[in-house]
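In what follows, a single structure is set out as structure tokens and then discussed.
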Amino acid sequence: MTPRFNIEQLAPEAYNALLGLEMYNRKSGLDKNYYELIKIRASQINGCAFCLDMHTRDARKLGETEQRIYVLNAWRDTDFFTPEEQAVLALTEEMTNIQGHVSNATYDRAIELLGPETTYKVIMANIAINSWNRLAITGHFMPPLAE
């Protein structure tokens, strides 16, 4: 697949706006491990190879285990994830598959386990990664082959 465009060159203001949201998320205080789980899970659902490659590498650098990364798409069928991480993942899945809306049960569980401030940060992190995924998928961005 050949990349269709270079967003940094074609629309630098749009690219910088997305980077601004990314910078907000990085500085928001959201747990870095939650943020990587959000980015990996949304990218799995969206089928974004570029983002999956990037964020699984980033998660491993933070100490995430291979086993948890391998089973992330079936997280409900393991006991590898804390209740808080499960709330983050449930909200991520419903926001990424937004056609069915975010249920009251999922939102209320996130508020209960994470609190309003962290839940909002999770929401913003989901908005960012879903935007990046759509950009990368549409633009045919490809991860580099690991050596």
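Please report, to two decimal places, log10 I(q)/I(0) for the range 50-95 at q = 0.17, 0.19, 0.20 Å⁻¹ as given by the Debye formula with identical point scatterers on the Cα atoms and no solvent.
-0.51, -0.64, -0.71
At what distance in nm do the modelled label points of Thr78 and Asn97 sit from each other, each positioned 7 Å from its Cα along Cα→Cβ?
1.9 nm
If R0 is 22 Å, what FRET efficiency do you get for Thr138 and Ser28 from their C-beta distance, rounded to 0.05?
My answer for the efficiency is 0.25.
Compute the orientation-averaged projected area for the chain from the convex hull of its Cα atoms and round it to one decimal in nm².
9.6 nm²
Could I have the simple spin-label model distance between Gln67 and Leu21, label points 7 Å from Cα toward Cβ, reported in nm to one decimal?
3.5 nm
Accessible area per residue for the range 1-71 in Å², computed with a 1.4 Å probe and the full protein assembly in place, what is it?
59 Å²
In whole percent, and with a 1.4 Å probe on the protein chains, what portion of the accessible area of the chain is carbon and sulfur?
55 percent
Quick check on the chain: helices-only [θ] at 222 nm, where DSSP H runs of length 4 and up contribute -39,500 (n - 2.57) each and the sum goes over total residues. Nearest 500, please.
Value at 222 nm, helices only, nearest 500: -22500 deg cm²/dmol.
The values are calculated or read from the model by the stated rules, or taken from the named source; none is laboratory data. Quantities reported herein were computed from a predicted structural model and do not represent experimental measurements. Here Cβ is always computed from backbone atoms with ideal geometry, including for glycine, and neighbour counts include all displayed protein chains. Remember, those area values only see protein heavy atoms, side chains included, never the ligands or the DNA or RNA. Shrake-Rupley method; radii C 1.70, N 1.55, O 1.52, S 1.80 Å.
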